[in-house]
Amino acid sequence: MSKWKGFFVFEGIDGSGKTTVSKRIAERLKEKNQSVVWHREPTDGNYGKKIRSFLSGQATLSPKEQLELFVLDRIESVNSVILPHLEKGSLIIQDRYYYSTAAYQGGKDLSAEEILSLNENKGFPKPTQVFFLDLTPEEAKERRKYRGGTEEAFDEDKEQNRIYANYMKILPENTVFLDATQSIKSLLDAIQEIIEGEIRS
Ligand code: TYD
């Protein structure tokens, strides 16, 4: 058993609802008096800010540069947020982790599997459980239309298909796949039950 209380990671393609779901789960756990930290990658640190200017189309980055920045951002994220809180005994609920790097940056230069190994070999802590909010790239596109906001770096259909296919190759075997089209309440109930089961045992 891991020495940590729980490190729960949410993954999914753009528009799958990870951010809302992970934040609401963190709130529910806090209401039960758990010490919980909600965290996301890319972070709001210096590397994360550079990444966000690329994501919003204000800067261009080659796939190799993207990979480097995401890994640098993750080193900072692990050392300044994830490890200190896990060591203090808090739960971490995290929106995206290295599975995103494998899925999004995986392609011609390096495969998703190679990027996954590269991250695992850096000794980043392994999550207790990964939740994948599953919906097809077509359904996700429909949702993004209504969400508004600016078009992001990976918005094209063929990009989202590549990312989804990469996820299917690299997610851990015990990933919990959740139908992201169900009601938010039933999603939250299912996730909360799993997390509470994991942290009791
Ligand atoms: P964000 O604005 O947080 O969007 P969302 O709420 O939809 O997750 O942007 C995260 C974007 O960064 C998303 O398009 C995925 C991408 N990303 C990568 O390409 N590689 C990574 O390693 C990570 C963590 C995110």
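The values are calculated or read from the model by the stated rules, or taken from the named source; none is laboratory data. No experiment lies behind these values; they were computed from the predicted model shown. Neighbour counts run over all protein chains shown; Cβ positions are idealised from the backbone, glycine included. SASA here: full protein model, heavy atoms, side chains in, ligands and nucleic acids out. Shrake-Rupley method; radii C 1.70, N 1.55, O 1.52, S 1.80 Å.
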Based on the Cβ-Cβ distance of Ser80 and Asn174, what FRET efficiency does E = 1/(1 + (r/R0)^6) give at R0 = 25 Å, to the nearest 0.05? 0.35
Additional length obtainable on full extension of the chain from Leu118 to Leu188, 0.36 nm per residue less Cα span: 22.0 nm
Cβ neighbours within 10 Å, averaged per peptide: list 88-100, 130-142 in order, most packed at the top. 88-100, 130-142
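Can you give me the % of accessible surface on the chain that is carbon or sulfur? Probe 1.4 Å, all protein chains present, nothing else counted. If you can, show how the numbers build up before the last one.
Working: 5160 of 10310 Å².
The nonpolar share, carbon plus sulfur, comes to 50 percent.
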Environment charge at Tyr47 (Cβ cut-off 12 Å; Lys +1, Arg +1, Asp -1, Glu -1): -2
Can you find, among Asn79, Ala26, Gly57, the residue farthest towards the positive end of the dipole of the range 7-166? Put +1 on the C-beta of Lys and Arg, -1 on that of Asp and Glu. Ala26
Determine which lysines satisfy two conditions relative to Lys126: a Cα distance under 18 Å, and not lying fewer than 8 residues away in the same chain. Lys3, Lys5, Lys88, Lys169
What distance in nm lies between label points placed 7 Å from Cα along the C-beta direction at Lys49 and Asp109? 2.4
For the range 7-200, what size does the Cα cloud have along each of its three principal axes, sorted from largest down, in whole Å? 43, 36, 30
Which lysines have a Cα less than 17 Å from the Cα of Lys141, not counting those fewer than 8 places away in the same chain? Lys18, Lys158
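What number, in nm² with one decimal, is the all-direction average of the projected area of the convex hull of the alpha-carbon atoms of the range 45-133? Display every interim value, and only then the final one.
Numbers: hull surface 25.0 nm².
The directionally averaged projection comes out at 6.2 nm².
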Heavy-atom surface of the chain, accessible at 1.4 Å and reported per residue (Å²): 51
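Only helical DSSP H runs with n ≥ 4 go in: add -39500 (n - 2.57) per run for the chain, normalise by residue count and round the 222 nm mean residue ellipticity to 500 deg cm²/dmol. Please list the in-between numbers first.
Numbers: 9 runs with 104 residues, N = 201.
Here the helix-only value at 222 nm equals -16000 deg cm²/dmol.
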Excluding same-chain residues fewer than 8 positions from Lys32, which aspartates and glutamates have a Cα within less than 17 Å of its Cα? Asp189, Glu193, Glu196, Glu198
